[in-house]
Amino acid sequence: VQLQASGGGLVQPGGSPRLSCGASGSRFRVIDMGWHRQAPGKQRELVATITSGGSTNYADPVKGRFTISRDNGKSTVHLQMNSLKPEDTAVYYCNALVASGSRYWGQGTLVTVSS
C-alpha cells in the first residue's frame with residue numbers, strides 16, 4: 001500500500017494550509033485513516049483520525065483548529081489546519097489501517113510555521 005501526502009511547506013503563523021494523502025494499492029478495504037506528526041527532538045504523536053464511517057478523533061493541541069476529512073471512494077484523507085502556531089511545526093505523516101489489520105504510513109510532509 002502506498003500513501004502519498006502533499007500540501008506541506010513554509011506557512012506563516014495563523015496560516016491555513018491543507019494536507020492531503022491518498023492511499024493506493026491495497027487489496028483490503030481501508031478502515032481508519034489519520035495523521036500523526038513528529039516535531040524536531042520529539043516523539044511522533046497523534047494529530048487526528050477518521051473512521052470509514054466518518055467518526056473523528058483529535059489530539060487536544062489541535063482541537064478546534066484542525067479538521068480531518070476523507071473521501072472514501074478515493075481512500076483520500078485531508079487535514080485542514082487553521083490558526084497555525086510555531087509549535088505545529090513538524091513532519092506530518094498520514095497513515096491508513098486496512099481490513100487485514102495492517103497499518104501503513106506515508107513518507108511524511110514537512111510543515112514549518114514561521115514568519
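Work out, step by step, the length gained on full extension between Gln80 and Ser114: first 0.36 nm times the residue separation, then minus their alpha carbon distance; give nm to one decimal. Please report the intermediate quantities before stating the final value.
Working: separation 34, 0.36 × 34 = 12.24 nm, distance 1.79 nm.
This chain segment gains 10.4 nm when fully extended.
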For this session: Taking a cut-off of 16 Å between Cα atoms, list the lysines near Lys85, but don't count ones fewer than 8 places away on the same chain.
Result: Lys63
Problem set entry | Coordinate range along principal axes, alpha carbons of the chain, Å, largest first | 43, 24, 22
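Could you work out how much longer the chain between Arg65 and Ser16 gets when fully extended? Use 0.36 nm per residue separation minus the Cα distance between them, nm to one decimal. Numbers along the way, then the final one.
Details: separation 49, 0.36 × 49 = 17.64 nm, distance 0.93 nm.
Full-extension gain reported as 16.7 nm.
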Exercise. In whole percent, what relative contact order does segment 15-115 give with Cα contacts below 8 Å and a gap of six or more residues?
Worked result: 33
Problem set entry | Euclidean distance of C-alpha centroids, segment 7-40 and segment 83-115, integer Å | 5
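All of the numbers you see were taken from the coordinates with simple rules; none came from a lab. Values in this document were obtained by computation on a predicted structure and should not be read as measured data.
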